[in-house]
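Accompanying notes for the structure given below.
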Amino acid sequence: MDIAAFSQTMSHLVLGAFATFCAILLWSRTRDMAWTFVIVGAIVSYADIALATLRSFGILGEDLVRYQGIPVLQLALANLPLLFSGIGFLIASSRKGNP
């Protein structure tokens, strides 16, 4: 791994940790369902970043969880943040009046 790839991986990891920390901080202060889904999406996104980092350093193998050749864990962690964020946005947009 060259210095450019290392710095990109580390900055992604650090900024993801910052976003996750802020999401958990907000989670402790709000009980709003829409925000909760967006926060869970941010946390799952960081899990994807952490898993990708462990794979790039060779700590975890590429075939961590496969079902009939499909990388289930990788597929779930890549798509669940978008699903959770979308559900949160949908809940927020379906409200009547001021939130």
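Between Thr30 and Ala5, the contour length at 0.36 nm per residue exceeds the alpha carbon distance by 5.3 nm.
Under the rule a/c < 1.5 gives rounded, and otherwise a/b versus b/c splits prolate from oblate, where does the chain land using the Cα gyration tensor? Since a/c reaches 1.5 but b/c is at least a/b, the shape of the chain is classed as oblate. Taking label points 7 Å from Cα along the Cα-to-Cβ direction, Leu73 and Ala19 give a separation of 2.1 nm.
Helices in the chain, meaning DSSP H runs of at least 4 residues, each add -39500 (n - 2.57). Divided by all residues, the mean residue ellipticity at 222 nm is -25500 deg cm²/dmol. Peptides 83-90, 11-18 ranked from most to least packed, by the mean per-residue count of other Cβ atoms within 10 Å: 83-90, 11-18. Here the chain is treated with +1 on each Lys and Arg Cβ and -1 on each Asp and Glu Cβ, and its dipole about the Cα centre works out to around 500 debye.
Readers should treat all values here as calculations from the given coordinates under stated rules, not as data from a laboratory. If you're wondering where the values come from, they're calculated on a predicted model, not measured in any experiment. Quick reminder, even Gly has a Cβ in these numbers, built from the backbone with ideal geometry, and neighbours come from all protein chains shown.
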